[in-house]
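Presented below is the structure to which this report refers.
No value in this document is a laboratory result; all are computed from the given coordinates. None of the values given here were measured: they were computed from a predicted structure. Positions of Cβ are generated from backbone atoms using ideal geometry, with glycine treated the same way; all protein chains shown enter the neighbour counts.
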Amino acid sequence: MAGITNAAYRRLCAEQGAGLYVCEMITSRGVVERDATTLGMLVFDELETVRSVQLYGTDPVYVGKATEILCAEYGVGHVDLNFGCPVPKVTRKGGGGALPWKRTLLGEILEHAVAAAAPYGVPVTMKTRKGIDDDHLTYLDAGRIAQEAGCAAIALHGRTVAQAYSGRADWDAIGALVEHVDIPVLGNGDIWEAADAVRMVEETGAAGVVVGRGCLGRPWLFRDLAAAFAGEQVATLPRLGEVTAMMRRHAELLCHHLGEERGCKEFRKHVSWYLKGFAVGGEVRRSLALVATLADLDDRLSGLDPDEEFPASELGAPRGRQGSPRERVVLPEGWLDDTDGTGSGLAEDAHEVTGG
């Protein structure tokens, strides 16, 4: 998620028990060509024991070279290839969730990445969706190709590109992929509470879960997930005082990594997610979304009622973007004519940072 999974937020989630957390999506071309924006996103917290990078690419050679650079120069310990992005500006170039339609090209990209990472002992995984739409499903072939290419695992978001983030995730598809491949399958989609994650694993046989929108403004979700999978009692939902303490810690970490001015500006986008459902007035919310210093933040947070209970209406409720399904997915001309894709010369922006 662009602008969300930076080093500060990954540190915060790690403190709450997250097992592995990838950085914002970066492009292989941006890494190879040393794009300043791309390299600026390759910042890791000093306590990140495994540096995990989510890489976007449409050219096997670029992906291979970028993977080698990440392993050799940045000490990256895990590379995740994103073939799930549904954003039109990505799919119209054949990238993201559109790319797995080209089975041969997908295999070449994965093989180049795995080969580049192998000398460093770095595992390569991939994330994908069910397919372009219900008439053009790709996930079973993508799983087979990932396994044959040597990927360590595959994550499946149980929606098509056409669905984007609308509707419900198809967990049956996750279960079908588990039965189809021998490598671990990670399930993604509609994990809003710890109980959702446990139920997904029980229903699908997935080896684990991937959380995206569910942790927006709720980094303690990972604490609950860790407890649930350990068979322990999940922590009581936080009162507003605990939430404001988490907000303060988040802002502090952002300022540590970005400086106070940039850190506070970056923090503003998280305010509405943290306070979603709480009885905090519009004027207070607006003032919090304009904080310029940590002192400002402390002053405005001090006026909130620390004993207000977590809003029950938010339990199990979707978070972040949702939108509506698309009538058609924007693709390169003739994209669906064949499933090869080699030599297609797909364009790739050096600083594309959209997630999936």
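General observations
- Counted over the chain, the DSSP beta bridges are approximately 5% antiparallel.
- In sequence order, calculated HN-Hα J values of region 242-252 (Karplus, 6.51, -1.76, 1.60; Hz; x Gly/Pro): 5, 5, 5, 5, 5, 4, 5, 5, 4, 4, 4
- Derived scalar couplings ³J(HN,Hα) [region 206-220; Karplus, 6.51 cos²θ - 1.76 cosθ + 1.60; whole Hz; x for Gly, Pro]: 4, 7, x, 10, 10, 10, x, 4, x, 9, 5, x, 9, x, 5
- Within the chain, longest stretch free of exposed trypsin sites (Lys or Arg not before Pro) [DSSP loop, at most 12 other beta carbons within 10 Å]: 169-320
- Value of Rg to Rh for region 21-159 (Rh from inverse mean 1/r over Cα pairs, i.e. Kirkwood): 0.95
- For THR104 and TYR74, the FRET efficiency from 1/(1 + (r/R0)^6), where r spans their Cβ atoms and R0 equals 41 Å, is about 0.85.
- A simple spin-label model places pseudo-atoms 7 Å from Cα toward Cβ; at ARG249 and SER272 they are separated by 2.6 nm.
- Burial ordering of TYR120, TYR62, fewest other beta-carbon atoms within 10 Å first: TYR120, TYR62
- Net lengthening on full extension, GLU179/VAL330 (0.36 nm per residue, minus Cα-Cα): 51.3 nm
- Region 231-356: relative contact order as a whole-number percent, Cα under 8 Å and 6+ apart: 28 percent
- Helix-only [θ]222 nm of the chain, DSSP H runs n ≥ 4, -39500 (n - 2.57) each, per residue, nearest 500: -11500 deg cm²/dmol
- Build a GNM of the chain with springs between Cα atoms under 10 Å apart, and of ASP307, ASP141, ASP172 the one that fluctuates most is ASP307.
- The chain, relative contact order [Cα under 8 Å, separation at least 6], %: 21 percent
- Cross-link reach list, aspartates and glutamates versus LYS93, counting only Cα pairs under 13 Å and skipping chain neighbours closer than eight places: ASP59, GLU333, GLU348, ASP349, GLU352
- When the P(r) of the chain is calculated, the portion above 40 Å amounts to 12% of the C-alpha pairs.
- Rounded FRET efficiency, nearest 0.05, which uses the C-beta distance separating THR37 from ASP296 and R0 of 22 Å: 0.20
- GNM flexibility winner over the chain from LEU42, LEU81, LEU177 (Cα, springs under 10 Å): LEU42
- Note on LYS89: lysines with a C-alpha under 27 Å away, same-chain residues under 8 apart excluded, are LYS65, LYS102, LYS127, LYS130, LYS265, LYS269.
- Normalised convex hull volume, region 240-307, alpha-carbon set, Å³ per residue: 68 Å³
- Alpha-carbon centroid distance for the pair region 66-127 / region 188-246, whole angstrom: 27 Å
- Region 240-307: relative contact order in percent, alpha carbon pairs under 8 Å with at least 6 residues between: 41 percent
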